[in-house]
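What follows is a single structure, written as structure tokens, with notes after it.
The values are calculated or read from the model by the stated rules, or taken from the named source; none is laboratory data. Just so we're clear, the structure is a prediction, and the values are computed from it rather than from any experiment. Reconstructed Cβ throughout: ideal geometry from the backbone, glycine too, with neighbour counts over all protein chains shown.
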């Protein structure tokens, strides 16, 4: 008997006052396709209007990754300008601006857009072996928007962001617990219980105060962002970016030329 494979998607369940969203693409370590990004925005926009939801919990399917980045196939034939980063900003804003507290449960990898989405959440709980980074200098040769750079720099600090971007290193969970980026590290068998305990703690507090606090911080981080269109356009128009995409899909190391 044949079975139909389930396309990559987001699973949403609502348990009383908690909404649970699962990035469900485990065969690709929960890499995000563009339909998944659009589905994320749709879900977030809907939850933002639901006063019964007090906490939202995000996690990846399986134990290999929260999200391992974007599905590289979608970069083939990509319009070579800043449009991709502009669209990604629009998607992430819907997560950053959820009015209720959010929690990311991280097992395995949170890299690329996975790190950005984990950082868009208010709190992060991970397993001891989780790793975090944005290794685009080793993989695709693309760049981030000023909005995303401002956001992760505020949460991780500029030295750590430079380490992630310029050396392409993946950072282990204990280092990020010490810096305060992670709320807690627990074993995989305890991670759901830990998130539920934090959710319960926040759900009895004043929701309008939580909303005002969250959205004020988000607006502060977006205020007076510089125009980096020239830098994004140079990156996405480069030979190196095309080489990075092709090399990734062909399973070989990229040959960077600086052109």
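A few comments on the model shown:
- Residues (surrounded by 10 or more Cβ atoms within 10 Å (Cβ to Cβ), part of a loop (DSSP other than H, G, I, E, B) and either modelled with pLDDT of 95 or more or out of contact with any strand residue (DSSP E or B) (no Cβ under 7 Å at 6 or more places or on another chain) (or both)) located in region 2-15: 6, 7
- Selection count where residues are over 30 Å from residue 18 (Cα atoms) and surrounded by 12 or more Cβ atoms within 10 Å (Cβ to Cβ), scope region 207-228: 2
- Criterion (surrounded by fewer than 17 Cβ atoms within 10 Å (Cβ to Cβ) and in contact with a helix residue (DSSP H, G or I) (Cβ under 8 Å, 6 or more places away or on another chain)) met by exactly one of 231, 249: 249
- Near pairs, Cβ below 8 angstrom, 6+ apart or cross-chain, from region 243-258 (within 13 Å of residue 71 (Cα to Cα)) to any residue that is outside any loop (DSSP other than H, G, I, E, B): 245/72; 245/75; 248/72; 249/72; 249/73
- Residue 69 vs. criteria more than 27 Å from residue 220 (Cα to Cα) and either touching a residue at least 24 places away in the same chain (Cβ under 8 Å) or surrounded by fewer than 21 Cβ atoms within 10 Å (Cβ to Cβ) (or both): no
- Any hit, region 182-205, residues being under 18 Å from residue 86 (Cα atoms), modelled with pLDDT of 95 or more, surrounded by 14 or more Cβ atoms within 10 Å (Cβ to Cβ) and out of contact with any strand residue (DSSP E or B) (no Cβ under 9 Å at 6 or more places or on another chain): no
- Qualifying residue in region 70-88 (condition: within 11 Å of the chain's Cα centre (by Cα), in a helix (DSSP H, G or I) and over 19 Å from residue 19 (Cβ atoms)): yes
- Breaking point among (1) under 18 Å from the mean Cα position of the chain (by Cα); (2) surrounded by 11 or more Cβ atoms within 10 Å (Cβ to Cβ); (3) within 27 Å of residue 47 (Cβ to Cβ), for residue 168: (3)
- Test result for residue 108, crowded, with 23+ Cβ neighbours inside 10 Å and either farther than 17 Å from residue 180 by Cβ or out of contact with any strand residue (DSSP E or B) (no Cβ under 9 Å at 6 or more places or on another chain) (or both): no
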